[in-house]
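The values are calculated or read from the model by the stated rules, or taken from the named source; none is laboratory data. Nothing here was measured: the structure is a model prediction, and the numbers come from that model. Neighbour counts run over all protein chains shown; Cβ positions are idealised from the backbone, glycine included.
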Amino acid sequence: MAAGGFCKLPNGSVVVALNLPSPAGPGRGSVRFLVLAQNRARALTRLRNLGMRAVYLRGNAAPPTPDEITAVLHHPDGLVWRTAPGSDLRGPELAQELWHPIRTLIRRPVTPA
């Protein structure tokens with residue numbers, strides 16, 4: 001089950017945080033997504049439009065931390081990701097990982113013409 005949560009900001013928008021299985025495939029750990037949107041439904045729609053069809057937010061078990069909120073507010077796309085804490089893939093350097101723009105995760109390979 002994917003952990004997630006949200007936080008409503010003073011201006012009325014929300015930051016939604018979701019831990020989802022890595023798009024790289026099974027056994028690759030999980031990824032934490034942060035989405036800034038006008039409401040929770042629009043945040044989930046943004047992820048679904050990127051091909052993550054089975055994205056749901058049930059409850060508020062893992063809301064975004066203040067540092068995560070700052071990261072997504074300062075990113076021009078309002079949608080960032082990094083390897084989820086607790087993932088066994090990277091060890092101690094995981095704490096040093098920066099947030100990545102979503103385009104680095106969904107980049108399609110270029111095929112030569």
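If you check Arg32 against the conditions, is it closer than 12 Å to Trp81 by Cα, of a type outside the set (Gly, Ala, Ser) and at pLDDT 85 or above? Outline the logic, then answer.
Numbers: closer than 12 Å to Trp81 by Cα: yes; of a type outside the set (Gly, Ala, Ser): yes; at pLDDT 85 or above: yes.
The answer is yes for Arg32.
For segment 21-28, does any single residue satisfy the condition of being surrounded by fewer than 20 Cβ atoms within 10 Å (Cβ to Cβ), more than 19 Å from His75 (Cα to Cα), at pLDDT below 90 and in contact with a strand residue (DSSP E or B) (Cβ under 6 Å, 6 or more places away or on another chain)?
Checking segment 21-28: at least one residue is surrounded by fewer than 20 Cβ atoms within 10 Å (Cβ to Cβ), more than 19 Å from His75 (Cα to Cα), at pLDDT below 90 and in contact with a strand residue (DSSP E or B) (Cβ under 6 Å, 6 or more places away or on another chain).
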Q) Taking only pairs six or more apart or across chains, which ones have beta-carbon atoms under 8 Å, a first residue in segment 38-62 that is surrounded by 11 or more Cβ atoms within 10 Å (Cβ to Cβ), and a second residue that is of a type in the set (S, T, N, Q)? A) Gln38/Ser13; Asn39/Ser13; Ala62/Asn19
Q) Which one of the conditions (1) in contact with a Leu (Cβ under 9 Å, 6 or more places away or on another chain); (2) under 20 Å from Trp99 (Cα atoms) does Tyr56 fail to meet, given that it meets all the rest? A) (2)
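If I filter segment 35-78 down to residues being polar (S, T, N, Q) and over 13 Å from Cys7 (Cα atoms), which single residue comes out as modelled with the highest pLDDT?
First, pick out the residues of segment 35-78 that are polar (S, T, N, Q): 38-39, 45, 49, 60, 65, 70.
With the extra rule that they be over 13 Å from Cys7 (Cα atoms), the set shrinks to 45, 49.
On the way: Thr45: 92, Asn49: 89.
Of everything passing the filter in segment 35-78, Thr45 is modelled with the highest pLDDT.
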